[in-house]
Structure formats: C-alpha cells, structure tokens
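Written out below as structure tokens is the structure these notes cover.
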Amino acid sequence: MNTETPELRYTPLPETIPFDSPFSLDKSPVLRGYKFNEVSDALFTSGIQYCEAELYHLLEPFKSGDRNDHTLLFRPEASYGEMFWLWKSLAYAVMTAGEKDGVSWKIRRFGRTPIISRMFLEKGLKKYLLSSGNLTKGSQTDKKIETLMNICDRGIEEFYWPISKKKEEYIFNEDMVFYLAASNFLINHDYTADIASLKKEGLLNKNKFSHYGPFYSFLAELIFDYADAKKFQEFILGLSDVFGGDLGLAIAVCEIKSLRIREDRKEIKIPQDEGKKILLDNVEAILQENYLYQKYIERPVIINENTIKEIQVADAADLSNFWQEIFEKEGVKEAMKDLFGENIDLRPVYETALSERKVIPASLMMIAEALGLDREEAQILAALSQFSWGMIVSYDNVVDGHKFRKGKATQVANDGVPIALDITMLSLAGILKRTLHNSELVENFLEMLNFSCKGDLISRRLDWDDSTDLYEESMAGLTKAFSWFPQYIGNRVGLVEAGQNFAAFLADLHSLGQLNNDIEDIDPPPMKHEEGNDVGKRITLFWKILMDLPNSQVLEHEEQLIRRVFAYKNGSEEAAKEDIAKVLAIGKRCKAEVLARMEQIVQWVYKEAGRHLELAFDSLPVMDQRNQTYKNIFANTLEIVRRNFLS
C-alpha cells in the first residue's frame with residue numbers, strides 16, 4: 001500500500017462536527033483526561049494583569065523617589081525604569097541557566113519556582129551593568145559589584161524587589177520570573193516569539209515542558225495583547241508543531257481556552273475585544289483542522305486489505321461474491337447473528353436477510369471506513385441494514401403474496417399471510433428496540449419504513465395514463481429507503497457533505513438496481529425468482545414504456561390482455577396463469593425495444609451516480625489509498641450494473 005502522506009483537501013466547518021464525533025477536538029481523549037490536566041497545571045499563571053499590577057506596585061517607590069536604588073546602581077540621572085530592565089534581564093538569565101550556573105527549581109503545585117545563588121545574582125548584575133554601559137571592566141569591577149550587591153540585598157530584604165531571600169538563597173517571586181523573562185524575550189525579538197529563536201536559546205525542550213510552561217503562557221498572552229494576529233497564530237501553531245502529538249495539541253488548546261476565559265470575564269469591553277475573540281476562534285479552527293487531518297489518516301480499518309485483494313483477484317467481473325465475502329469475513333454476519341439470530345420469532349426474516357444480496361451492508365462498510373466511523377459501530381449498522389432489508393423483502397412477500405423467492409418457498413407459502421405479517425411486524429419492533437438509544441437512528445429507520453411503504457403504495461396506484469416522470473419519481477422514493485445510512489454516518493462524524501453525496505450515490509445505484517429488477521422479472525438470472533413472478537402485481541416503468549409502444553409492435557388485443565392482467569393487481573382475484581404467460585411472452589418479445597427507450601433514463605442515472613461518487617470522495621478530508629480502492633470498487637460496480645442493463 002502507498003505510504004505517502006496525502007494532503008488535506010477538505011475541512012468541514014467546526015460547528016458541523018458533533019461533540020461525539022471521532023474528529024471532534026473537544027471530545028479528544030487528549031483534552032479530557034488527567035494528562036490534559038497535567039498540561040493545564042504546567043501552563044498555569046496568574047496572568048499578565050496580575051503581574052503588571054505587581055510590577056507597578058514594586059516600581060512605584062522608585063518612581064516617587066521613596067527609593068533610589070536605581071540611581072545608586074546605575075547613574076544619578078537613571079530612570080526608575082532601569083529597575084524593570086534589570087529585573088527582566090535577570091529573569092531571562094534564570095530561564096536560560098542550568099543548575100551548574102547556580103539556578104535550581106523548587107517544584108510547586110502549579111509549575112516551579114527558581115532558587116538562585118548569590119553568585120548567579122552577582123554575575124547577572126555584572127552582565128547587565130556592563131551591557132548597559134553603567135559599568136566598565138577594570139581592576140575595581142568586582143569590588144564595585146560587591147558594593148552594588150549590598151544595595152540589591154537591602155532592596156530585596158525590604159521587599160522592594162520581585163525577589164525574596166531565605167538564608168543564602170534568593171527566590172524569584174512566583175510567576176514574575178516567567179512574566180519578566182517573556183517580556184525580555186519579546187522586547188529583544190520585536191514581539192515575535194520565533195520558534196527558531198526559542199529553540200536556539202534552549203527554551204523549547206519536550207523534556208522540560210513543565211519547567212517552562214508558565215513562560216510559554218506569558219509569551220502567548222503578551223503576543224495576544226500587544227502583537228498582531230499573525231504573530232499570535234504563528235506562535236500557538238508553532239508550539240503545537242514543535243512539541244507535536246498529544247502534548248503539542250494540549251498546549252495549544254490550553255492556551256486558547258485560557259485566553260478565551262480571560263476575554264469572557266472582562267467587565268469592560270472595547271471594540272477590539274471582538275476581534276480578539278475572532279482570532280481565538282480562527283486559531284482554534286486551524287487546530288481542529290490539524291486534529292481532523294491526523295485523526296482521519298489514522299481512522300480505523302474496517303475492511304481488511306487482504307480481504308479486498310483476495311476477492312478482487314478471485315472474480316473481478318462479478319461482484320456478487322465480493323459483497324458476500326465482505327459480509328461474512330468482516331464481522332457483519334456475526335453482528336447480525338448477535339442482534340437477531342437467536343430470536344426464534346425473528347428467524348424467518350433473519351434467514352430471508354441472509355439469502356439476499358449483501359451489496360447494502362458491504363457498501364455501507366466501505367463508506368463507513370471512508371467516513372471514519374468506528375469498526376464495531378459500522379458492523380452493527382451494516383447488520384441492521386441487512387436485517388432491515390430482510391424485513392422489507394418479507395413485507396413485500398406478504399403484500400404481493402409471493403410463494404417463492406430465489407428458488408425457495410417463502411414464509412407466506414409455509415405459514416400463510418397472517419403469521420408472515422406478524423413476524424414482519426415483530427422484526428420491525430426488533431429493529432426499533434436495537435436503535436431506541438439513538439433518537440436520530442430511530443427517526444431514520446422510521447423514515448426508511450415510511451419511504452418503503454409509501455413508495456410501494458404510490459407504485460400500486462400508478463396507472464397507464466400516468467407519465468413516465470411520475471413512475472421515475474415513485475421509483476426514486478423507493479430507492480431512498482436504504483440510502484440514508486451514509487448521511488446518518490456523515491452527520492454522526494461531522495463529514496456532512498460527504499455523507500450526503502454518498503447517500504445520493506447509493507440512491508442512484510439503487511435506482512439502477514430497481515430498473516434492472518423490473519427487467520429481470522421478464523428474464524431473471526439464476527437464483528433470482530421464477531420468471532413472471534411479479535407480472536401483474538404493479539405497473540413498472542418497463543410495462544409503462546411497453547404499453548406506449550406503437551400498435552405495430554404491441555397489438556390492440558395484446559394491450560387489452562395486459563390491462564386485464566394488471567387490473568387484478570389490487571384486487572382479490574388473480575389473473576389466470578395462461579394469461580400471465582402470454583403477457584410474459586409479449587414482454588420478452590418487446591424487451592429490446594423497451595430497453596432502447598429506457599437507455600436514456602439509465603444513462604442519466606448512471607451519469608448522476610458517477611457525479612455523486614466523485615463529489616462524495618472529493619468531500620473527504622484526504623484521498624488516500626484506501627479511499628482510492630473503494631472509489632474504484634464503486635465505479636466498477638456502477639459500470640457492471642450499467643453494462644448488464646444495456647447488454
């Protein structure tokens with residue numbers, strides 16, 4: 001199989017992804033477990049509003065003249081702001097230092113607190129004074145530093161610094177060290193938290209995430225408040241990428257959620273706040289897109305690759321065995337047995353379902369995999385679909401009085417109409433019991449029953465004078481009955497457009513199948529049912545077109561015979577067998593001409609099916625090898641149905 005990483009081609013709107021979708025960022029186990037709480041704790045800060053207020057409180061004595069440390073440390077005309085520049089320089093030095101440099105970290109509930117040695121503080125002070133031009137190198141430099149350190153100690157001991165002292169250890173105030181370090185980095189990098197620069201300075205390390213967590217949070221908040229939207233987006237997405245996987249996703253989402261909470265709690269709103277909320281929404285949408293891509297390419301395998309290869313090699317031209325093999329080998333048969341096989345009352349319908357072609361459940365399994373559904377859920381849905389088909393067939397046997405189907409006696413023949421009808425209704429109840437936990441599923445099954453029964457009712461009321469358009473409309477209603485499954489799955493996972501297109505494709509495919517069924521009554525394939533079994537039951541499109549042929553092809557007395565036989569369709573009497581045989585002979589004789597007139601309809605449905613198939617796969621996030629395989633299978637199926645019809 002091709003292992004090349006495909007590109008994301010399509011992203012659904014975040015609001016269309018349900019909470020319980022496997023693609024939902026909110027549902028992600030990464031964001032809902034204790035690991036996420038650990039990430040959240042590691043990123044926790046009191047926020048820049050608190051730090052700015054604390055910084056204002058610390059600087060106020062220097063500004064008012066109550067303290068003159070800045071004039072003693074730097075120069076007589078120095079501004080009180082020099083204290084801020086010194087503190088942030090020291091804080092950044094703490095962030096980039098190691099234990100051998102004289103910095104250790106005390107673990108606390110939320111993050112860590114740096115413990116710094118006097119030696120480190122002296123070096124930091126010296127470095128800042130030299131770089132700012134407030135000190136020159138010379139023989140007296142170290143002596144001057146010692147004197148200046150005494151000034152610093154007095155300020156620290158009197159609580160005018162964001163540093164406290166305990167014995168011989170200096171402790172940076174919680175949060176302030178990260179806030180000052182983040183401010184220093186951004187001021188020196190034009191308020192751009194460039195990922196490459198952070199890496200270069202050793203500030204991006206997966207193994208030290210909890211060490212730097214608050215630093216990242218302050219970077220995010222400062223950029224969010226003071227830089228442009230693009231820089232914020234680049235920083236959040238860059239963090240997510242560099243840490244990667246679950247951790248990267250959790251970090252990015254934590255930052256978004258934290259800022260969103262902060263914005264929501266603002267008592268005074270300004271016009272710019274709306275733009276800030278939109279920015280958070282946009283970045284979160286990108287995270288959702290990235291998450292969707294990752295989860296989609298990792299979606300569950302529902303049909304084993306070897307199963308597909310084995311069946312395709314066995315018989316590429318006949319797909320009957322293909323559907324059956326998927327049904328049996330990929331767990332659908334077992335799921336249907338678990339759901340319905342042990343119930344004696346439902347056994348006849350269960351057996352009927354097993355004897356029918358498996359195109360519906362097998363198609364559903366492929367579509368479910370393309371849409372990213374869980375394997376077990378797909379198996380249950382496929383099993384429900386096949387059993388439902390068995391129920392509809394059983395119902396059809398009752399209302400049409402079928403005694404034989406596919407070479408076997410029906411339950412109508414064995415037990416009579418009353419018992420057959422009772423068991424059909426019990427089967428319906430059995431389906432509803434299995435779906436009551438899901439209101440949308442129940443609604444769809446009831447809609448399926450509505451389409452089936454109403455479509456059957458309309459088709460029985462059609463008359464010779466009705467237009468072919470009405471016949472086609474009636475047929476389309478019937479084909480919708482089993483085409484809703486993909487749309488349900490699409491809604492379920494949030495790939496709504498793809499689900500709708502898959503449903504439309506299946507409806508088109510079923511329409512071709514229905515047209516084919518009408519013809520097969522004249523010339524049925526092996527193990528279908530006896531020829532002429534449905535003649536006289538209802539007026540199909542085949543017979544409608546046949547009756548519209550010129551009198552040179554269908555004589556007047558033949559038309560009268562056909563009308564007479566079909567007149568019994570809703571009555572209590574049955575047409576004579578010899579009359580049915582004569583009508584069947586007329587159908588066989590005119591089959592080629594009828595097919596020629598139906599070709600335009602078939603070609604149009606075929607074209608629509610192909611269009612919906614393209615749209616369905618184009619609406620998926622990724623076109624990988626699995627999807628390409630299923631697309632080819634569906635296209636091949638479509639071509640076989642068309643070719644069989646027109647041959």
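The values are calculated or read from the model by the stated rules, or taken from the named source; none is laboratory data. Just so it is clear, the structure is predicted and the values come from calculations on it, not from any experiment. Note that we place each Cβ from the backbone using ideal geometry, even for glycine, and neighbour counts take in every protein chain shown.
Output the residue which, of all residues in the range 213-256 that are over 19 Å from TYR92 (Cβ atoms) and among the β-branched types (Val, Ile, Thr), is surrounded by the most Cβ atoms within 10 Å (Cβ to Cβ).
Pass one, the range 213-256, residues over 19 Å from TYR92 (Cβ atoms): 224-225, 228-234, 236-238, 240-256.
After this cut, where a residue has to be among the β-branched types (Val, Ile, Thr) as well, the list is 236, 242, 251, 253, 256.
Details: ILE236: 28, VAL242: 17, ILE251: 24, VAL253: 25, ILE256: 19.
The residue in question is ILE236.
Which of the residues spanning the range 352-367 are surrounded by fewer than 22 Cβ atoms within 10 Å (Cβ to Cβ) and at pLDDT below 90?
SER355, GLU356, ARG357
Could you please find all residues in the range 86-98 being buried (at least 16 other Cβ atoms within 10 Å of the Cβ) and either part of a helix (DSSP H, G or I) or touching a residue at least 60 places away in the same chain (Cβ under 8 Å) (or both)? Step through it out loud before you land on a result.
Step one: list which residues in the range 86-98 are buried (at least 16 other Cβ atoms within 10 Å of the Cβ), which gives 86-95, 97.
Answer for the range 86-98, where residues must be buried (at least 16 other Cβ atoms within 10 Å of the Cβ) and either part of a helix (DSSP H, G or I) or touching a residue at least 60 places away in the same chain (Cβ under 8 Å) (or both): LEU86, TRP87, LYS88, SER89, LEU90, ALA91, TYR92, ALA93, VAL94, MET95.
Limited to the range 475-500, what total is found for residues that are small (Gly, Ala, Ser), out of contact with any Lys or Arg (no Cβ under 9 Å at 6 or more places or on another chain) and farther than 18 Å from ALA370 by Cα? Spell out the reasoning first.
Residues of the range 475-500 that are small (Gly, Ala, Ser), as a first pass: 476-477, 481, 483, 490, 494, 498-499.
From the residues that got through so far, the ones that are out of contact with any Lys or Arg (no Cβ under 9 Å at 6 or more places or on another chain) too are 476, 481, 483, 490, 494, 498.
Still in the list and also farther than 18 Å from ALA370 by Cα: 476, 481.
Residues flagged as small (Gly, Ala, Ser), out of contact with any Lys or Arg (no Cβ under 9 Å at 6 or more places or on another chain) and farther than 18 Å from ALA370 by Cα within the range 475-500 amount to 2.
In this structure, does GLY102 turn out to be exposed (fewer than 14 other Cβ atoms within 10 Å of the Cβ) and free of Cβ contacts under 8 Å to residues at least 24 places away in the same chain?
Numbers: exposed (fewer than 14 other Cβ atoms within 10 Å of the Cβ): no; free of Cβ contacts under 8 Å to residues at least 24 places away in the same chain: yes.
In short, no.
Which of the following residues is surrounded by 14 or more Cβ atoms within 10 Å (Cβ to Cβ), touching a strand residue (DSSP E or B) at 6+ places or on another chain (Cβ under 7 Å), under 22 Å from LYS165 (Cα atoms) and of a type outside the set (Lys, Arg): ILE145, ILE151, ILE115?
Numbers: ILE145 fails: touching a strand residue (DSSP E or B) at 6+ places or on another chain (Cβ under 7 Å); ILE151 fails: touching a strand residue (DSSP E or B) at 6+ places or on another chain (Cβ under 7 Å).
From the options ILE145, ILE151, ILE115, the qualifying one is ILE115.
When you check GLY331 against the structure, is it surrounded by 14 or more Cβ atoms within 10 Å (Cβ to Cβ), touching a residue at least 40 places away in the same chain (Cβ under 8 Å) and assigned by the TED database to the domain that holds GLU376, yes or no?
Yes, satisfied.
Within the range 497-506, can one find any residue that is over 18 Å from LEU638 (Cα atoms), in a helix (DSSP H, G or I) and more than 20 Å from the chain's Cα centre (by Cα)?
no
Rundown of residues vs (1) hydrophobic (A, V, I, L, M, F, W, C); (2) assigned by the TED database to the domain that holds TYR170; (3) under 48 Å from the mean Cα position of the chain (by Cα); (4) not in a loop (DSSP other than H, G, I, E, B), yes/no style:
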| site | (1), (2), (3), (4) |
| --- | --- |
| PHE36 | yes, yes, yes, yes |
| VAL39 | yes, yes, yes, yes |
| ALA42 | yes, yes, yes, yes |
| THR45 | no, yes, yes, no |
| GLU52 | no, yes, yes, yes |
| GLU60 | no, yes, no, yes |
| ARG75 | no, yes, no, no |
| LYS100 | no, yes, no, yes |
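Sort out which residues of the range 596-624 are of a type in the set (S, T, N, Q), touching a helix residue (DSSP H, G or I) at 6+ places or on another chain (Cβ under 9 Å) and in a helix (DSSP H, G or I), and write them in order of number. Break it down stepwise before answering.
Step one: of the range 596-624, the residues of a type in the set (S, T, N, Q) are 600, 603, 619.
Right, trim to touching a helix residue (DSSP H, G or I) at 6+ places or on another chain (Cβ under 9 Å) and you get 603, 619.
GLN603 - this is the single residue of the range 596-624 that is of a type in the set (S, T, N, Q), touching a helix residue (DSSP H, G or I) at 6+ places or on another chain (Cβ under 9 Å) and in a helix (DSSP H, G or I).
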